[in-house]
């Protein structure tokens, strides 16, 4: 009788823990936004927990183990873009949170986050267009980066002109 192969913590984090925490934090963030728009009590706390945990998941995802097939001829730049997209997404999410809560520094975080995520999405598209093996690495951050970039641009242009 053979025993199943044990996975290390990096694989457990990347394949099991982070996707579940991502789902929960998106759900809590959505509930916080509903509370915010309905002006209910506790909206600030729910928004802080949801968006902070979402930013934490994005930040930790940048350092998660990326499983690549052995015969893959991916570009080494794909791993750099992978990390840049996730870290800048964390900055953008915190910028959106600060914008919703009218806290200081949100404009700079939105500008840095939108610029970096937008550039990362363009570079990821170029890397995937030139080499299909990069798709294995860049699929999740690319798909996550596009709507997050659009949401960041919305909050950036919603800013009052002062």
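The values are calculated or read from the model by the stated rules, or taken from the named source; none is laboratory data. Predicted model, so just to flag it, every value in this text is computed and none were measured. Neighbour counts run over all protein chains shown; Cβ positions are idealised from the backbone, glycine included.
With respect to residue 160, is the statement that it is modelled with pLDDT under 95 and within 17 Å of residue 22 (Cβ to Cβ) true? In short, no. Kindly evaluate residue 28 against the criterion of being out of contact with any strand residue (DSSP E or B) (no Cβ under 6 Å at 6 or more places or on another chain), in a helix (DSSP H, G or I) and modelled with pLDDT of 95 or more. Yes, satisfied. Applying the criterion of being touching a residue at least 24 places away in the same chain (Cβ under 8 Å) and loosely packed, with under 13 Cβ neighbours inside 10 Å to the residues of region 35-91, the residue that is nearest to residue 22 (Cα to Cα) is 67. When region 92-105 is examined, which residues are found to be under 15 Å from residue 154 (Cα atoms) and in contact (Cβ under 8 Å) with a residue 40 or more places away in the chain? Those that are under 15 Å from residue 154 (Cα atoms) and in contact (Cβ under 8 Å) with a residue 40 or more places away in the chain: 92, 93, 94, 95, 96, 97, 99, 100. Filtered by the rule that a residue be under 13 Å from the mean Cα position of the chain (by Cα) and over 14 Å from residue 59 (Cβ atoms), region 8-30 gives 19, 23, 26.
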